[in-house]
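Values in this text are rule-based calculations from the coordinates and carry no lab data. Source: prediction; values computed, not measured. Cβ coordinates were reconstructed from backbone atoms using ideal geometry, including for glycine residues, and neighbour counts include every protein chain displayed.
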Amino acid sequence: MEQTLKFSDLGISAEILKSVEEMGYTQPSQIQTEAIPYVLAGRDVIGQAQTGTGKTAAFAIPIIDLVDPDFNKPQAIILCPTRELAVQVEGEFQKLSKHLRNINSVAIYGGESIDKQIRVLRKGVQIVVGTPGRVQDHIKRGTLKLEDVGIIVLDEADEMLDMGFRDDIEAILREMPEERQTVFFSATMPKPIMDLTKKFQKDPAIVKIDKKELTVSNIEQVYYEVKSSLRVDLMARLINVNEYSLSVVFCNTKRMTDEVTEKLAAHGILAEALHGDLSQAQRDKVMNKFRKGHCAVLVATDVAARGIDVDDVEAVFNFDLPLDEENYVHRIGRTGRAGKSGTAINFISGRRDSYKLRDLERFTKAAITQLAPPSLAELIQMKKDQLANDIQAKIAIEEDNQLFEETLGQLLANGLTMEQIALGLTKIALGDSVKKLREQNFSIEAGSDRRRGDSDSRGGRREFSRDGGRDGGRRGERGGRNDRFERGERSGRRERFDRSERGGRDAGPRGERAREANMARLFLNLGKKDRIRPNDIVGAIAGEAGVPGKSIGGIDIYDNFSFVDVPQKDAAHVIQVMKTNTIKGKSVNMEISKG
């Protein structure tokens with residue numbers, strides 16, 4: 001297709017074209033150019049596209065044109081993995097259908113009153129956007145009937161499967177009329193997705209964005225080696241030096257989002273946490289504050305951040321490196337949007353993070369450059385430059401200067417020289433901030449043998465060779481909870497993970513670990529068949545039960561079940577809390593191991 005193609009060339013209605021113009025779109029993106037004609041023609045579609053490529057409009061525009069505004073029953077269903085994404089997608093439908101009368105849509109999701117949603121559905125809507133679980137709830141209650149639905153879209157299909165929604169998705173698809181249009185959008189196309197397409201689609205058109213378009217070229221990717229305990233200090237310094245107005249910080253656990261938010265506040269930076277423990281009202285409040293610029297930093301987990309669509313995010317911080325490469329691409333795609341440039345900043349500590357970083361480079365086919373932290377001298381220079389600019393700007397303003405000149409005359413009459421007056425005013429303007437900067441000065445020590453360059457050199461953009469410039473950091477320093485995993489040997493179909501900071505533990509008579517004193521062994525009913533990993537188990541126990549990740553011991557994962565060691569004093573609490581929680585969307589049953 002030609003790059004000069006316009007929305008008017010895609011066969012969409014004049015009313016939608018008007019909405020598209022008002023939303024600031026000029027030319028369709030590749031996914032829109034290729035997918036819209038297929039959806040308008042009634043074809044099943046498989047679309048591979050990242051967040052940020054315009055995929056929402058790729059299915060929303062043709063759906064609005066396809067539904068009958070005079071028939072007030074659900075005609076289109078869009079499934080999304082999270083409530084945030086469902087709200088965002090439904091908001092796009094509202095904007096695009098602005099000039100079409102009688103087109104109504106609703107977002108339905110958990111965490112909001114189901115009675116309120118039932119009232120909206122009874123009033124009548126053509127388009128329903130929702131999470132699989134809540135859509136299923138309405139179907140079972142009879143408040144959402146699918147007999148007139150002609151099209152269903154699975155948005156972020158891979159994420160929904162990862163979150164354990166496969167059974168819900170299949171149940172919903174089986175409820176759909178036989179004659180329907182089925183559209184899948186997914187960042188990746190793993191085997192489970194392809195299995196679903198073969199089962200529920202007919203001769204789908206495949207629209208795939210080239211790999212080079214999956215990574216955003218206008219995002220600068222950099223990293224800093226820094227001790228885990230100093231990451232927040234360095235982040236605060238980078239935010240101040242670069243004067244970022246809006247930033248997103250990603251953490252791997254809910255608990256860490258709260259910790260980072262509190263520590264940023266101690267540095268005087270307005271930050272809000274976004275994670276799964278917040279109610280929908282709290283989430284909406286946080287996102288509204290962030291969009292309006294009432295807080296400078298949003299600290300989020302991967303799942304909670306799905307659907308964040310704010311064009312002016314200047315930087316993304318990976319406080320913890322993500323657990324997989326796909327999440328990395330989703331994370332950094334929060335910046336550099338709408339044709340703007342952005343920066344992705346990664347913090348690493350130790351050899352394991354270094355290896356993971358190299359994997360990310362290979363995956364994104366882009367260099368991630370090492371930078372040296374900005375020095376105290378740079379921060380002071382920044383303050384001096386800022387003061388000089390402020391003074392010049394004030395002088396340039398034409399206003400009544402009589403009051404200020406009288407004050408200056410009074411100071412001169414007291415015997416002060418102009419130089420003394422200027423020095424005193426500069427001290428007033430800079431003194432407190434420079435003092436604070438000196439007090440928060442810290443030394444970045446990520447590895448004893450790393451070449452640090454000239455420590456007195458100015459310019460926070462100093463670069464180091466990744467091959468010859470360091471040895472990966474001290475082995476004894478761990479970069480967060482995930483660095484405490486030590487992969488054990490395989491024994492049959494069992495995978496053994498030892499989280500001891502000392503290295504391996506002595507094996508028992510059957511190759512089992514020897515448990516430490518004061519540790520209890522818990523059995524849980526999930527295993528490799530449920531696609532759970534040690535990270536998932538530790539994240540759930542740490543995030544939901546509040547048990548520090550570093551205190552969780554060895555993990556044994558079998559095909560159908562797993563074992564995890566936790567401190568004896570916490571065992572009963574962990575079992576009780578996890579009864580009402582899930583891991584990767586699966587209900588958890590934990591009990592003291594009888595073995």
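A few remarks follow.
- Pairs of lysines in the range 120-223 whose Cα atoms sit within less than 19 Å of one another amount to 7, provided the residues are eight or more positions apart or on different chains.
- Long-range amide H partners of ALA205 with built H, under 5 Å: ASP44, VAL45, ILE46
- The HN-Hα couplings worked out from phi for the range 342-356 by the Karplus form 6.51 cos²θ - 1.76 cosθ + 1.60 (θ = phi - 60°) are x, 10, 10, 10, 10, 10, 10, 9, x, 5, 5, 4, 4, 5, 5 Hz, whole numbers, x standing for Gly and Pro.
- Taking amide H positions as modeled 1.01 Å from N, with prolines and chain starts lacking one, the residues under 5 Å from GLN181 and 5 or more places away or on another chain are ILE151, ILE152.
- Proximal lysine pairs, the range 215-373, alpha carbons under 28 Å, eight or more residues apart or interchain: 19
- Whole-Hz couplings from phi, Karplus 6.51/-1.76/1.60, listed for the range 99-114; x for Gly and Pro: 9, 10, 6, 6, 8, 10, 9, 8, 9, 10, 7, x, x, 10, 3, 5
- The amide H of ILE78, built 1.01 Å from its N in the peptide plane, has VAL128, VAL129, GLY130, VAL153 as neighbours under 5 Å, considering only residues 5 or more places off or on other chains.
- Where only alpha carbons of the range 377-439 are counted, the Rg and the Dmax (Å): 14.0, 40
- Cα convex hull, the range 97-201: 117 Å³ per residue, rounded to a whole number.
- For the range 215-373, projected area of the alpha-carbon convex hull averaged over all directions, nm²: 8.4 nm²
- For the range 125-140, Karplus couplings with θ = phi - 60° (6.51, -1.76, 1.60), whole Hz, Gly/Pro x: 9, 8, 10, 10, 10, x, 7, x, x, 6, 4, 4, 4, 5, 4, 5
- The residue among ASN346, PHE319, LEU357 whose Cα reaches farthest toward the positive pole of the charge dipole of the range 317-407, with charges on the beta-carbon of Lys, Arg, Asp and Glu, is LEU357.
- Peptides 284-297, 414-427 ordered by packing proxy, namely the average of other Cβ atoms within 10 Å per residue, highest first: 284-297, 414-427.
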